Amino acid sequence: MPYKIQIDRTLCMGDGICTAIAPNTFELNSEGKSTVKNPTGDSDEKILEAVKACPVKAMLLKDENDKQVYP
């Protein structure tokens, strides 16, 4: 199931843990903030793990029915 990924860049501190866990999905932009480069680049499990690892909880996941999955 592909997730809808939302990133609050005002909260993102550019830790990069998401890019380390799911490098095919996330990348840091020129400002050092996380962005989604491919929402289906990694497995759902890896994407969820990466989002949960965010130290400032700057990411939100929704399923295909727009139901919030995390947090």
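The values are calculated or read from the model by the stated rules, or taken from the named source; none is laboratory data. For clarity, every value in this text was computed on a predicted model and none was experimentally measured. Note that we place each Cβ from the backbone using ideal geometry, even for glycine, and neighbour counts take in every protein chain shown.
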Scope region 1-39; condition of a type in the set (S, T, N, Q) and farther than 16 Å from VAL69 by Cα; matching residues: THR10, THR19, ASN24, THR25, ASN29, SER30, SER34, THR35, ASN38
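Step by step: first the residues of region 52-66, then only those that are under 11 Å from MET1 (Cβ atoms) and loosely packed, with under 12 Cβ neighbours inside 10 Å, then the one that is farthest from the chain's Cα centre (by Cα). Which residue is that? Please lay out each step first, then the result.
At the first step, the residues of region 52-66 found to be under 11 Å from MET1 (Cβ atoms) are 61-65.
Checking the rest, the ones that are also loosely packed, with under 12 Cβ neighbours inside 10 Å come to 64-65.
Working: GLU64: 16, ASN65: 18 Å.
My answer is ASN65.
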Residue satisfying condition, being on the phi < 0 side of the Ramachandran plot, surrounded by fewer than 18 Cβ atoms within 10 Å (Cβ to Cβ) and either touching a residue at least 40 places away in the same chain (Cβ under 8 Å) or of a type in the set (D, E, K, R) (or both), within set PRO2, PRO39: PRO2
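Kindly indicate whether GLU49 is assigned to a loop (DSSP other than H, G, I, E, B) and surrounded by fewer than 17 Cβ atoms within 10 Å (Cβ to Cβ). I'd like the intermediate steps shown before the answer.
Values: assigned to a loop (DSSP other than H, G, I, E, B): no; surrounded by fewer than 17 Cβ atoms within 10 Å (Cβ to Cβ): yes.
The answer is no for GLU49.
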Residue in region 12-28 that is surrounded by the most Cβ atoms within 10 Å (Cβ to Cβ), counting only those that are in contact with a Lys or Arg (Cβ under 7 Å, 6 or more places away or on another chain) and among the aliphatic types (A, V, I, L, M): ALA22
Residue ID - nearest to ASP63 (Cα to Cα), chosen from residues in region 21-36 that are out of contact with any helix residue (DSSP H, G or I) (no Cβ under 6 Å at 6 or more places or on another chain) and in contact (Cβ under 8 Å) with a residue 24 or more places away in the chain: VAL36
Unmet requirement for MET1, which otherwise passes all of (1) modelled with pLDDT under 95; (2) out of contact with any helix residue (DSSP H, G or I) (no Cβ under 9 Å at 6 or more places or on another chain): (2)
